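Here is the structure we will look at, set down as structure tokens.
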Protein chains: 2
Amino acid sequence: RKEYDDEGNLIICRLSEKRRVTVQDFRGKTLVSIREYYKKDGKELPTSKGISLTEEQWSAFKKNVPDIEKAIRKMESR
Amino acid sequence: RKEYDDEGNLIICRLSEKRRVTVQDFRGKTLVSIREYYKKDGKELPTSKGISLTEEQWSAFKKNVPDIEKAIRKMESR
């Protein structure tokens, strides 16, 4: 079953209590967002702390996941 | 050859002219950041527009990449 936030965006996952990954349609363009939310009057609303990637930026990002992994492993091994 | 920013963080890739993905060591903890930068006096400095993920959050995020892809494809097909 799919979960949507109070603005109708599809919640992909939660990274922490406040942080979420969502996929949304913004004026006909698909955006992937990683963002912090806060609670107000029982609703969870997005803060400015986060970033929304266009599809093009998402594609570039995705291609670099293996390099991110490699960099983390290298950093950990120091 | 590796590229580092003016703060010594490893630049993994650029998502746009202003947006970058970096991996950094912050007080002994590894952070993956997706963030916008601006230029000042020839230096490129990070803005508050972005997010820095802990390793735990990065792991959770990574696991969900296929679901993000699926959601994008579904949105595109509408």
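The values are calculated or read from the model by the stated rules, or taken from the named source; none is laboratory data. Given the structure is predicted, the values throughout are model-derived calculations rather than measurements. When we count neighbours, we look across all protein chains shown, and the Cβ atoms used for this are built from the backbone with ideal geometry, even at glycine.
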Legend entry - Answer from A:S77, A:S33 - the residue that is polar (S, T, N, Q) and modelled with pLDDT of 95 or more: A:S33
Inset, instruction - From B:K49, B:K62, B:K74, grab the single residue that is assigned to a helix (DSSP H, G or I) and either of a type in the set (V, I, T) or closer than 16 Å to A:R35 by Cα (or both). - result: B:K62
Inset, instruction - Give A:L45, A:L53 a once-over and let me know the one that is of a type in the set (A, V, I, L, M, F, W, C) and either touching a residue at least 60 places away in the same chain (Cβ under 8 Å) or crowded, with 17+ Cβ neighbours inside 10 Å (or both). - result: A:L53
Legend entry - Condition check for B:D5: more than 7 Å from chain A (Cβ to nearest Cβ) and either under 11 Å from the mean Cα position of the chain (by Cα) or touching a residue at least 24 places away in the same chain (Cβ under 8 Å) (or both): yes
Inset, instruction - Of the numbered conditions (1) surrounded by fewer than 19 Cβ atoms within 10 Å (Cβ to Cβ); (2) assigned to a strand (DSSP E or B), B:G8 fails exactly one; give the number of that condition. - result: (2)
Legend entry - Filtered residue count, the range B:25-55, keeping only those that are under 23 Å from A:R20 (Cα atoms), touching a strand residue (DSSP E or B) at 6+ places or on another chain (Cβ under 6 Å) and more than 8 Å from every other protein chain (Cβ to nearest Cβ): 6
Inset, instruction - State which residue pairs qualify: first residue facing another protein chain (nearest Cβ under 10 Å) and of a type in the set (A, V, I, L, M, F, W, C) and inside the range B:11-22, second residue buried (at least 22 other Cβ atoms within 10 Å of the Cβ) and part of a loop (DSSP other than H, G, I, E, B) in any location, beta carbons under 8 Å apart, and separation of 6 or more residues or different chains. - result: B:V21/B:L15
